[in-house]
Amino acid sequence: TTSLGENFDYAVGVEELPIQNREVERVAEFAPNVAFGPTPNTLSISGAPSFDTVVMLDGAEVSDPYFGSAPTLYLEDAVEEVQVMTSGISARYGRFQGGVINAITKSGGNTFDGMFRATFDKEKWNSQSPFGESQSDTLNDAYQVTLGGYMLKDHLWFFLGARTQEGSADNSVQLALPGGSSPAFTTTDEEDRWQIKLRGAFTSDHIVELNYLFYERNRTDRAGLPAGNILAANGIRSDPREIYTG
(Lines give C-alpha, C1' and ligand atoms only; values in the text may rest on other atoms or scores of the structure.)
Protein backbone atom coordinates (compact mmCIF):
# COMPACT_ATOMS: atom_id res chain seq x y z
CA THR A 1 0.00 0.00 0.00
CA THR A 2 3.05 2.27 0.11
CA SER A 3 4.53 3.65 -3.08
CA LEU A 4 8.30 3.35 -3.34
CA GLY A 5 10.56 6.02 -4.75
CA GLU A 6 12.01 9.35 -3.73
CA ASN A 7 10.75 12.83 -2.83
CA PHE A 8 12.80 15.95 -3.61
CA ASP A 9 11.88 19.11 -1.74
CA TYR A 10 13.38 22.04 -3.66
CA ALA A 11 13.78 24.31 -0.62
CA VAL A 12 15.37 21.63 1.58
CA GLY A 13 17.28 19.43 -0.86
CA VAL A 14 17.64 20.76 -4.39
CA GLU A 15 18.72 24.30 -3.51
CA GLU A 16 21.39 22.86 -1.19
CA LEU A 17 23.01 20.82 -3.97
CA PRO A 18 25.31 22.14 -6.74
CA ILE A 19 22.68 21.53 -9.44
CA GLN A 20 22.86 23.87 -12.42
CA ASN A 21 19.79 22.50 -14.21
CA ARG A 22 16.79 22.40 -11.85
CA GLU A 23 14.25 21.10 -14.37
CA VAL A 24 11.90 18.42 -13.08
CA GLU A 25 13.45 15.55 -15.04
CA ARG A 26 17.01 16.57 -14.23
CA VAL A 27 16.17 16.50 -10.52
CA ALA A 28 14.40 13.14 -10.92
CA GLU A 29 17.69 11.67 -12.21
CA PHE A 30 18.95 11.61 -8.62
CA ALA A 31 16.32 9.06 -7.58
CA PRO A 32 17.27 5.35 -7.38
CA ASN A 33 16.21 3.00 -10.19
CA VAL A 34 16.28 5.86 -12.73
CA ALA A 35 18.59 5.88 -15.75
CA PHE A 36 19.00 7.82 -18.97
CA GLY A 37 16.56 6.82 -21.69
CA PRO A 38 17.50 5.76 -25.24
CA THR A 39 16.29 9.13 -26.57
CA PRO A 40 18.28 12.23 -25.48
CA ASN A 41 16.83 14.11 -22.47
CA THR A 42 14.50 11.25 -21.51
CA LEU A 43 14.50 8.96 -18.47
CA SER A 44 14.03 5.23 -18.07
CA ILE A 45 12.50 4.02 -14.79
CA SER A 46 12.89 0.42 -13.64
CA GLY A 47 14.32 -0.54 -17.02
CA ALA A 48 11.17 0.34 -18.97
CA PRO A 49 11.30 2.34 -22.23
CA SER A 50 11.35 6.09 -21.70
CA PHE A 51 8.00 6.52 -23.49
CA ASP A 52 6.45 4.45 -20.67
CA THR A 53 7.34 7.12 -18.09
CA VAL A 54 4.47 9.39 -17.02
CA VAL A 55 5.30 12.99 -16.05
CA MET A 56 2.69 14.91 -14.04
CA LEU A 57 2.60 18.63 -13.26
CA ASP A 58 0.03 19.83 -10.72
CA GLY A 59 -2.23 16.91 -11.53
CA ALA A 60 -2.03 17.23 -15.32
CA GLU A 61 -0.07 14.81 -17.47
CA VAL A 62 2.53 16.65 -19.56
CA SER A 63 4.61 13.71 -20.81
CA ASP A 64 5.33 13.25 -24.50
CA PRO A 65 3.53 10.08 -25.70
CA TYR A 66 6.34 9.30 -28.16
CA PHE A 67 9.49 9.89 -26.09
CA GLY A 68 8.26 10.19 -22.50
CA SER A 69 9.90 13.53 -21.84
CA ALA A 70 8.04 16.57 -20.53
CA PRO A 71 8.00 19.91 -22.37
CA THR A 72 9.49 22.77 -20.40
CA LEU A 73 6.76 25.30 -19.65
CA TYR A 74 7.04 25.90 -15.91
CA LEU A 75 9.34 28.10 -13.82
CA GLU A 76 12.05 26.19 -12.00
CA ASP A 77 11.71 28.55 -9.02
CA ALA A 78 7.99 27.78 -8.86
CA VAL A 79 8.49 24.03 -8.34
CA GLU A 80 8.07 23.01 -4.71
CA GLU A 81 8.48 19.23 -4.82
CA VAL A 82 9.25 16.41 -7.24
CA GLN A 83 8.09 12.90 -6.44
CA VAL A 84 9.54 9.90 -8.29
CA MET A 85 7.45 6.73 -7.89
CA THR A 86 9.04 3.49 -9.05
CA SER A 87 6.80 0.72 -7.64
CA GLY A 88 3.62 0.19 -5.65
CA ILE A 89 2.00 3.00 -7.65
CA SER A 90 -1.74 3.60 -7.55
CA ALA A 91 -3.65 2.55 -10.67
CA ARG A 92 -5.20 6.01 -10.90
CA TYR A 93 -2.07 7.29 -12.66
CA GLY A 94 -2.41 4.76 -15.49
CA ARG A 95 -0.47 4.28 -18.75
CA PHE A 96 3.00 3.50 -17.55
CA GLN A 97 5.31 0.53 -17.20
CA GLY A 98 8.31 2.17 -15.60
CA GLY A 99 7.21 4.84 -13.14
CA VAL A 100 5.73 8.26 -12.52
CA ILE A 101 7.38 11.65 -12.04
CA ASN A 102 4.98 13.91 -10.16
CA ALA A 103 5.84 17.61 -9.78
CA ILE A 104 3.95 20.11 -7.63
CA THR A 105 4.33 23.89 -7.90
CA LYS A 106 4.17 26.29 -4.98
CA SER A 107 0.98 27.70 -3.48
CA GLY A 108 0.63 30.89 -1.49
CA GLY A 109 0.34 30.83 2.29
CA ASN A 110 -0.56 33.05 5.22
CA THR A 111 2.66 35.05 4.78
CA PHE A 112 3.96 36.96 1.79
CA ASP A 113 7.06 35.33 0.28
CA GLY A 114 8.90 35.98 -2.95
CA MET A 115 12.24 35.64 -4.67
CA PHE A 116 14.21 37.04 -7.57
CA ARG A 117 16.90 35.18 -9.51
CA ALA A 118 19.17 36.45 -12.28
CA THR A 119 21.32 34.09 -14.38
CA PHE A 120 24.06 35.19 -16.77
CA ASP A 121 26.28 33.23 -19.12
CA LYS A 122 28.63 34.01 -21.96
CA GLU A 123 30.41 31.62 -24.30
CA LYS A 124 33.69 33.50 -23.83
CA TRP A 125 33.62 32.65 -20.12
CA ASN A 126 34.22 28.99 -21.06
CA SER A 127 37.70 27.63 -21.54
CA GLN A 128 38.88 26.91 -25.09
CA SER A 129 40.11 23.63 -26.47
CA PRO A 130 43.64 23.38 -27.93
CA PHE A 131 42.09 24.14 -31.34
CA GLY A 132 41.27 27.72 -30.28
CA GLU A 133 37.72 27.80 -31.62
CA SER A 134 35.93 31.14 -31.79
CA GLN A 135 33.60 32.04 -28.92
CA SER A 136 30.72 34.49 -28.80
CA ASP A 137 31.00 37.59 -26.60
CA THR A 138 27.20 37.94 -26.33
CA LEU A 139 25.81 38.00 -22.79
CA ASN A 140 22.81 35.68 -22.32
CA ASP A 141 20.58 36.59 -19.40
CA ALA A 142 17.53 35.12 -17.66
CA TYR A 143 15.39 36.55 -14.88
CA GLN A 144 12.85 34.84 -12.62
CA VAL A 145 10.56 36.35 -10.01
CA THR A 146 7.92 34.70 -7.79
CA LEU A 147 5.46 36.03 -5.22
CA GLY A 148 3.04 34.15 -3.00
CA GLY A 149 0.68 35.22 -0.26
CA TYR A 150 -2.91 35.41 0.87
CA MET A 151 -6.02 37.28 -0.22
CA LEU A 152 -8.04 35.99 2.73
CA LYS A 153 -6.13 34.37 5.57
CA ASP A 154 -6.75 30.66 6.03
CA HIS A 155 -9.14 30.63 3.06
CA LEU A 156 -7.74 32.12 -0.17
CA TRP A 157 -4.12 32.18 -1.34
CA PHE A 158 -2.32 33.17 -4.55
CA PHE A 159 0.99 32.44 -6.26
CA LEU A 160 2.47 34.38 -9.20
CA GLY A 161 5.61 33.68 -11.21
CA ALA A 162 7.35 35.04 -14.29
CA ARG A 163 10.51 34.22 -16.23
CA THR A 164 12.09 35.96 -19.21
CA GLN A 165 15.21 34.98 -21.10
CA GLU A 166 17.14 36.22 -24.10
CA GLY A 167 20.08 34.49 -25.69
CA SER A 168 21.96 33.97 -28.91
CA ALA A 169 24.44 31.52 -30.38
CA ASP A 170 26.64 31.58 -33.46
CA ASN A 171 26.04 28.80 -35.96
CA SER A 172 27.17 27.80 -39.41
CA VAL A 173 25.38 25.83 -42.09
CA GLN A 174 27.46 23.07 -43.63
CA LEU A 175 26.95 23.45 -47.37
CA ALA A 176 29.05 22.33 -50.29
CA LEU A 177 29.78 25.85 -51.55
CA PRO A 178 32.62 26.83 -53.93
CA GLY A 179 35.80 27.21 -51.97
CA GLY A 180 34.44 25.09 -49.09
CA SER A 181 33.05 28.07 -47.17
CA SER A 182 30.10 27.82 -44.78
CA PRO A 183 27.80 30.80 -44.19
CA ALA A 184 27.58 31.85 -40.55
CA PHE A 185 24.51 33.23 -38.83
CA THR A 186 23.33 33.93 -35.29
CA THR A 187 20.41 32.10 -33.70
CA THR A 188 18.45 34.29 -31.27
CA ASP A 189 16.04 32.98 -28.63
CA GLU A 190 13.44 34.97 -26.71
CA GLU A 191 11.50 33.07 -24.07
CA ASP A 192 8.74 34.06 -21.64
CA ARG A 193 6.96 31.99 -18.98
CA TRP A 194 4.08 32.91 -16.65
CA GLN A 195 2.18 31.20 -13.86
CA ILE A 196 -0.95 32.21 -11.95
CA LYS A 197 -2.26 29.96 -9.18
CA LEU A 198 -5.22 30.40 -6.83
CA ARG A 199 -6.01 28.08 -3.93
CA GLY A 200 -9.12 28.33 -1.82
CA ALA A 201 -10.32 26.40 1.24
CA PHE A 202 -14.04 26.47 1.93
CA THR A 203 -13.42 24.12 4.83
CA SER A 204 -10.35 22.19 6.00
CA ASP A 205 -11.54 19.22 3.92
CA HIS A 206 -12.69 21.07 0.79
CA ILE A 207 -9.93 22.78 -1.21
CA VAL A 208 -10.21 24.16 -4.75
CA GLU A 209 -7.12 24.96 -6.80
CA LEU A 210 -6.90 26.72 -10.18
CA ASN A 211 -3.61 26.94 -12.05
CA TYR A 212 -2.55 28.51 -15.36
CA LEU A 213 0.88 28.17 -17.00
CA PHE A 214 1.99 29.87 -20.20
CA TYR A 215 5.20 29.44 -22.21
CA GLU A 216 6.30 31.06 -25.45
CA ARG A 217 9.60 30.81 -27.28
CA ASN A 218 10.49 32.72 -30.43
CA ARG A 219 13.60 31.57 -32.27
CA THR A 220 15.11 33.58 -35.12
CA ASP A 221 17.45 31.91 -37.63
CA ARG A 222 17.39 28.51 -35.95
CA ALA A 223 20.19 26.07 -36.73
CA GLY A 224 19.67 23.86 -39.79
CA LEU A 225 20.08 20.14 -40.12
CA PRO A 226 23.61 18.69 -40.26
CA ALA A 227 23.08 18.15 -43.97
CA GLY A 228 22.57 21.88 -44.42
CA ASN A 229 18.89 22.85 -44.44
CA ILE A 230 19.30 26.52 -45.30
CA LEU A 231 15.51 27.02 -45.09
CA ALA A 232 15.73 26.57 -41.33
CA ALA A 233 17.90 29.68 -41.06
CA ASN A 234 15.19 32.05 -42.24
CA GLY A 235 12.33 33.65 -40.39
CA ILE A 236 10.99 33.23 -36.85
CA ARG A 237 9.70 30.01 -35.32
CA SER A 238 7.20 30.50 -32.51
CA ASP A 239 6.49 27.77 -29.94
CA PRO A 240 3.58 28.69 -27.61
CA ARG A 241 2.32 26.29 -24.91
CA GLU A 242 -0.18 26.60 -22.09
CA ILE A 243 -1.76 24.42 -19.42
CA TYR A 244 -4.90 24.84 -17.30
CA THR A 245 -5.37 22.65 -14.22
CA GLY A 246 -7.95 22.59 -11.50
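Cross-link reach is defined here as a Cα-Cα straight distance under 21 Å, omitting same-chain residues fewer than 8 places apart; for K197 the lysines meeting it are K106, K153. Positive contributions from Lys and Arg (+1) and negative ones from Asp and Glu (-1), summed over other residues with Cβ under 12 Å from the Cβ of Q144, come out at -1.
Show that you can apply the helix-only estimate: for the chain, add -39,500 (n - 2.57) for every DSSP H stretch of four or more residues, divide by all residues, and state [θ] at 222 nm to the nearest 500.
For the chain, the value works out to -500 deg cm²/dmol.
Other residues with beta-carbon under 10 Å from the beta-carbon of R217 carry, at +1 per Lys or Arg and -1 per Asp or Glu, a net charge of -2. For A48, the amide hydrogen comes within under 5 Å of no other amide hydrogen, counting only partners 5 or more places away or on other chains and with H modelled in the peptide plane. Divide the volume of the convex hull around the Cα atoms of the chain by the residue count and you get 162 Å³ per residue. Using only alpha carbon pairs under 8 Å that are at least six residues apart, calculate the relative contact order of the chain and give it in whole percent. The normalised contact order for the chain reaches 14 percent.
Given the peptides 156-162, 15-21, 95-101, 240-246, arrange them by the average over their residues of other C-beta atoms within 10 Å, most packed first.
Values: 156-162: 19.1, 15-21: 9.4, 95-101: 21.1, 240-246: 12.9.
Ranking the peptides 156-162, 15-21, 95-101, 240-246 by packing returns 95-101, 156-162, 240-246, 15-21.
Taking θ as phi - 60° and the Karplus parameters 6.51, -1.76 and 1.60, the scalar couplings of segment 47-57 work out to x, 7, x, 5, 6, 9, 9, 9, 10, 10, 9 Hz in sequence order, x denoting glycine and proline. Note on surface exposure: R217, R163 rank R217, R163 by accessible area, highest first, 1.4 Å probe. Is the shape of segment 51-127 rounded, prolate or oblate, going by the alpha carbon gyration tensor and its root eigenvalues a ≥ b ≥ c, with a/c under 1.5 for rounded and a/b larger than b/c for prolate? Cα axes put segment 51-127 in the oblate bin.
Could you derive backbone 3J(HN,Hα) for segment 88-103 from the dihedral phi with the Karplus parameters 6.51, -1.76 and 1.60 (θ = phi - 60°), listing whole Hz in sequence and x where the residue is Gly or Pro? Those phi angles translate into x, 8, 4, 5, 5, 6, x, 6, 7, 10, x, x, 10, 10, 10, 10 Hz.
Tell me the net charge near L73. Cut-off is 12 Å between Cβ atoms, L73 excluded, with +1 for each Lys or Arg and -1 for each Asp or Glu.
Details: positive: R163, R193, R217, R241; negative: E23, D58, E76, E191, D192, E216, D239, E242.
My count for the surroundings of L73 gives -4.
Normalised by the number of residues in segment 1-110, the average gap of Cα pairs under 8 Å and 6 or more apart makes the relative contact order 32 percent. Of the chymotrypsin sites (Phe, Trp or Tyr not before Pro) found in segment 31-76, those that fall in a DSSP loop while having at most 15 other beta-carbon atoms within 10 Å are Y66. Put simply, the amide H of L57, placed in the peptide plane, has neighbours under 5 Å in V62, A103, leaving out anything fewer than 5 places away on its chain.
With both labels modelled 7 Å from their Cα along Cα-to-Cβ, the Y93 to K122 distance reads 4.4 nm.
The values are calculated or read from the model by the stated rules, or taken from the named source; none is laboratory data. Please read these numbers as outputs of a predicted model, since none were measured by experiment. Because the Cβ atoms are built from the backbone with ideal geometry, glycine has one as well, and the counts that use them run over all protein chains shown. Note: accessible area is taken over every heavy atom of the protein model, side chains too, but ligands, DNA and RNA are not part of it. Shrake-Rupley method; radii C 1.70, N 1.55, O 1.52, S 1.80 Å.
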